[in-house]
1. How about region B:227-236: which of its residues are within 13 Å of A:Glu165 (Cβ to Cβ) and either in a loop (DSSP other than H, G, I, E, B) or at pLDDT 95 or above (or both)?
2. Check B:Ile159, B:Ile143 and return the single one that is more than 7 Å from chain A (Cβ to nearest Cβ), buried (at least 24 other Cβ atoms within 10 Å of the Cβ) and assigned to a helix (DSSP H, G or I).
3. Of B:Ala209, B:Ala186, B:Ala224, which residue is within 26 Å of B:Ile49 (Cα to Cα) and either in contact with an Asp or Glu (Cβ under 9 Å, 6 or more places away or on another chain) or modelled with pLDDT of 95 or more (or both)?
4. For residues in region B:50-72 being in contact with a Cys (Cβ under 7 Å, 6 or more places away or on another chain) and surrounded by fewer than 18 Cβ atoms within 10 Å (Cβ to Cβ), which is nearest to B:Thr200 (Cα to Cα)?
5. Among the numbered criteria (1) away from chain B (no Cβ under 13 Å); (2) more than 20 Å from A:Asp257 (Cα to Cα); (3) among the hydroxyl-bearing types (Ser, Thr, Tyr), which one does A:Tyr158 miss?
6. Filter the strands (runs of 3 or more DSSP E) completely within region B:58-135 down to those with at least 2 residues that are of a type in the set (Gly, Ala, Ser).
7. Where in region A:189-262 are there helices (runs of 4 or more DSSP H), lying fully within it, with 3 or more residues that are more than 8 Å from every other protein chain (Cβ to nearest Cβ) and in contact (Cβ under 8 Å) with a residue 60 or more places away in the chain?
8. Out of the residues in region A:169-188 that are among the hydroxyl-bearing types (Ser, Thr, Tyr) and in a loop (DSSP other than H, G, I, E, B), which is surrounded by the fewest Cβ atoms within 10 Å (Cβ to Cβ)?
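The values are calculated or read from the model by the stated rules, or taken from the named source; none is laboratory data. On a predicted model such as this, the values are computed, not experimentally measured, just so you know. So basically every Cβ, Gly included, is an ideal-geometry build from the backbone, and we count neighbours across all protein chains shown. Accessible surface is based on the protein model in full, side chains and every heavy atom, while ligands, DNA and RNA are left aside. Shrake-Rupley method; radii C 1.70, N 1.55, O 1.52, S 1.80 Å.
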Amino acid sequence: MEEMKVRLEAVYKAINRLKKLDQTSEIKEEISRFQDVAEKLEIQISSQLEAWDKVQLARMIERPRARFYIDKICDEFIELHGDRFYADDQAIIGGVGSIEGKVVTIIAQSRGMTAKENMQMNFGMPHPEGYHKALRLMKQAEKFQRPVICLIDTPGAYCGIGAEERGQGAAIARNLFEMSTIKVPIISGVIGEGGSGGALALSIADKIFMQENAVYSILSPEGFASILWKDSGRAKEAANKMKLTAQDLLKYGIIDDVLLEPLGGAQKSPDATADSVKQYLIAQLDTLATINIEKLVQMRYERFRKIGMCL
Amino acid sequence: MKLKGLIKRKYAVTTKGNKKREVPEGIYVQCPKCKKSIYRPELKKTLGICPHCQYYYPLSARGRLGMIVDKNSFEEMDSDLKSSNPLEFEGYEEKLEKYKEKTKQNEAVLTGKATIEGQEVIIAIMDSGFMMGSMGQVVGEKIARAIERATLDKIPLIIFTASGGARMQEGIFSLMQMAKTSAALAKHDANGLLYISVLTDPTTGGVTASFATLGDIILAEPGALVGFAGPRVIEQTIKQKLPEGFQRAEFLMEKGQIDAIVKREEMRQTLAAILRLHQKKEVR
């Protein structure tokens, strides 16, 4: 695996060198030959990615994040701020927009693509007010009868003094409780890291998707290793054990669909990735719109009810 | 020296290094908080409360049940459910067996139907002595079934929580129990039924972030530690010491997170009173 990555890097370097030369027909031919090799290597590498490699891809700073998708997917989007009680949590973006004319409420955990943005967004770790804002906007969506789309991307809900004082646990619980009966279709998708209760709090949905290299788990692999083995250094081993990849979770029926990413990950071709998310959402919105809402809410209940029932 | 050791082993055992244990063996026990000796039969009489400093010993689910419900009124539910090992986590089955042996329970929660001063309820009591009261598939399933039974029978529900959170060994399947139990509560709620949640020491993680904090009325035992993240994790995250009393029941009360702190000796009568005040009016 490592060897293949080194070779791939060498091939890309060679391509870049060749591109700087005069583009004679021989050189062009040589570039295209190298590109074929690169593609084959990419395919080989992506077919052999371990869970831990996907954790790395999901966390990569270059990976497209919620703000990028919202901009690319929506014809228009108006961001709506604040929980009306305490603050506007920047770790969760919310608002109303339209996707090819379909009006939706979008609620998304937001991470930055620079260090500064990340500080502002608290690395995508919401406080209780973020969950309160999300719930406020979901209730608003219910009132105006528009579907809700949640994009999940968080290492987990924030652990801190203020978060505890203002009831982090209760905020998450309230979202689980309320989302289970909200009478509009809900689609949730993990676009990066889906960490713990902090991710679940936006994931009580009728359709749940994950991008190919996204991960979704009970806790970060570091936290898991630290609790079970008292050694956060064994995170890689934990990741490979935890069944946190999209492929594993699809197999267990925890999620419904896996959206493929470009070879090497979403960051290699963000526009194409955004388009695949957009096409998926349009198709799902159409399908969900045909189902009677009472029936949809009952199906939503049963999807979670049956997990861990076969005993 | 030898004699001293012998006597110590035979007649007095401290709780040192074994803090979790409920009312330990031996005639005298040492309180883990004030370190004073307590005469063991005395501890039974005080409902597991240290007579010197009011420290609350954790109770087993059955021990607590006896303090709350009417004698001979309890009908247990789902005592036969068994956990699977979905992550094929090494040593997990053995660990479960060990705790089953130790606690004589099938899992970290005891559920059933009972009466309190003659009033019918569904009651679930978590047991921190069973793998830290962690919630895996069986705990989630037992609680969901208990909630659904309360909804079906149109009666109130009481849950005593005591949990370190979601059970890591069952991975994402444990996480999903938070969704399952919360959704079941939403149905109970939609039927206009009463749910009382009683937080006991400790209640953290996935249990705090699901049914523990969804009560119509939320009570807590004095001094109970209740939070989303455990204090150690918070200290590591923010790299500072936490203030004294942080996340304790008294702190939660001050921050507006719970309805009342109720002493162990007053719990039964308080629950009975709340139930009485929520009795359905007779339809004429």
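1. Let us first name the residues in region B:227-236 that are within 13 Å of A:Glu165 (Cβ to Cβ), namely B:227-229, B:234.
Hits for region B:227-236 are B:Gly227, B:Phe228, B:Ala229.
2. Values: B:Ile159 fails: assigned to a helix (DSSP H, G or I).
Exactly one residue qualifies, and that residue is B:Ile143.
3. Exactly one of B:Ala209, B:Ala186, B:Ala224 is within 26 Å of B:Ile49 (Cα to Cα) and either in contact with an Asp or Glu (Cβ under 9 Å, 6 or more places away or on another chain) or modelled with pLDDT of 95 or more (or both), namely B:Ala224.
4. Going through region B:50-72, the residues in contact with a Cys (Cβ under 7 Å, 6 or more places away or on another chain) turn out to be B:50, B:52-53, B:55.
Narrowing further to those that are surrounded by fewer than 18 Cβ atoms within 10 Å (Cβ to Cβ): B:52-53.
Numbers: B:His52: 20, B:Cys53: 17 Å.
The selected residue is B:Cys53.
5. (1) is the only condition that A:Tyr158 fails.
6. Details: elements: B:75-77, B:109-116, B:119-126.
Ranges flagged: B:109-116.
7. Working: elements: A:196-200, A:221-229, A:235-241, A:246-251.
Here the list reads A:235-241.
8. Filtering region A:169-188 for residues that are among the hydroxyl-bearing types (Ser, Thr, Tyr) and in a loop (DSSP other than H, G, I, E, B), the one surrounded by the fewest Cβ atoms within 10 Å (Cβ to Cβ) comes out as A:Thr181.
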